[in-house]
Amino acid sequence: MSGTSRGVEAGARLTIIKKGLILVAVPLLAQLIFLVVLYKMRLDQMQAQGWALHSKDVIAQTEGAFRVIMESRSAVRGLALTGDPAFFSAWEKSRSNALVQLRALRELVADNLTQQNRIDGILQQTEDVFARLEAIANLAKRPETRDTAIAALKEPWAARFLEDLRLKVNDFLKEEEALDDGRRARLARASREQAWTLIGGALLALLSTTVLAYVFSRSIASRVAVLIDNTRRLAAGEPLAAPLGGRDELARLDRVFHEMADSLAQKDRENEMFVYSVSHDLRSPLVNLQGFSQELALVCEDLRRIVSDKEFPAAMRERLTTLIDRDASESIQFIQTAVRRLAAIIDALLRLSRVGRVVYDWQPIDVRAAVERVVKALGNTIAQKGARVVIGELPPASGDPTAIEQIFANLLSNALNYLDPSRPGIIKVGSHDAEAAGDANIYYGLSATFAD
């Protein structure tokens, strides 16, 4: 079995709740990983930015310290040339600031042993020179020793100090600027990586959404659509689609639909066989009944010819003629009408047994004629109840003739059954005005009133 097949089978075993949890957990996990990566890159960017600022601080601090050292030498030189006490104060202040800044610079480069060694050399050389400058400043304060101070400032060590210090500072700054270039490049790289990470995260979110939508459509939405279609097919009596695979709730529900469809199909087959059997069983006595009614009609004709003989007593002829023409003929007519209606019902049952469902023969119907046939078939019952049927205006309709006659037969039978047996009744059949009913013919079901 391939890996894909095993994955599909494993997915089919999952319930909808588990599938939903997976569909929710996958994007959450992806977003969590993305946030962790983004947070790590943000930290790297902040660190790179901090180092870039650190390099700038070191460069600024170095330039500031070198400038203060230059100011301290200028203050001693001014003091020697002018003897102005203000230069002595400027010397003391510059000396103190220069040493403070150099020590602070040493702390800034504590992470870089090479730079720290350079600062240590600069600091040691500066302290040595400041010791000499302090002695010169003390000489320059007194007028009698000022010339000695000036001569001391012109010694070669003073010029070499500045030149040597400038070279050391330049080497230090060159190294720091190289570090600054690398750190700025690292910062730019971190910014680009963060930007690409954001773009990748957006694409990942779009891709994961698309994949999850496809998985949802494949695993749940399409299967729900099959269930909905099977529901429609089951209601319409159509064959169901192939069973859904898997063992989740949707698959179990689909199996229930198929079991229900099989059960209904089995019951339909049983009903069809029953209806077919009953219809054929009813057909035989109905044919006999129709044949015997025809025989009775022929017998009545023979009796009518016999009674019409002149030798037959007049009183007896009149009585028998009345019985034959009125009672016997009317009864035979009722029997034949009932037989025709029953034959139509049996034919409808046979059609139902053949196709498995009712098939209506839609055609224009003369509703009044249909009601009159029903009233004629129920004539004997109407007479026994002492009722009278009043047929009002019944506009034509469209439908199945047998079904419409059956509807009115049921309604008339119910009305007859619920008449007051102690007095004759009137049964009215009519319809509402089509225009008042919204262009639809609405027939009164049936209303029954009683005569005084």
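Nothing in this text is a laboratory measurement; each read-out follows from the coordinates by a stated rule. Because the structure is predicted, anything quoted here is derived from the model rather than measured.
Averaging the sequence gap over all C-alpha pairs within less than 8 Å and six or more residues apart, then dividing by the number of residues, gives the stretch 15-227 a relative contact order of 31 percent.
The value of relative contact order for the stretch 48-135, using C-alpha pairs under 8 Å at least six residues apart, is 29 percent. Taking amide hydrogens as placed 1.01 Å from N in the peptide plane, the amide H of ARG388 sits under 5 Å from those of GLY425, ILE426, ILE427, each at least 5 positions away in sequence or on another chain.
Across the stretch 254-265, coupling constants 3J(HN,Hα) worked out from phi with the 6.51/-1.76/1.60 Karplus curve, θ = phi - 60°, read 5, 5, 4, 4, 5, 5, 5, 5, 5, 5, 5, 5 Hz, and Gly and Pro carry x. For the stretch 414-425, backbone phi angles converted through the Karplus equation (6.51, -1.76, 1.60; θ = phi - 60°) give residue-by-residue couplings of 4, 4, 5, 5, 9, 6, 6, x, 7, 8, x, x Hz, Gly and Pro being listed as x. Once backbone amide H atoms are built at 1.01 Å from N, ILE365 has ALA397, SER398, GLY399 as its partners under 5 Å, excluding neighbours fewer than 5 places away on the same chain.
Computed from phi, the 3J(HN,Hα) profile of the stretch 297-303 under the Karplus parametrisation 6.51, -1.76, 1.60 (θ = phi - 60°) reads 5, 5, 4, 5, 5, 5, 5 Hz, with x in place of Gly and Pro. For SER431, nonlocal amide neighbours, meaning residues 5 or more places apart or on other chains whose placed amide H falls under 5 Å from its own, are GLU393, TYR444.
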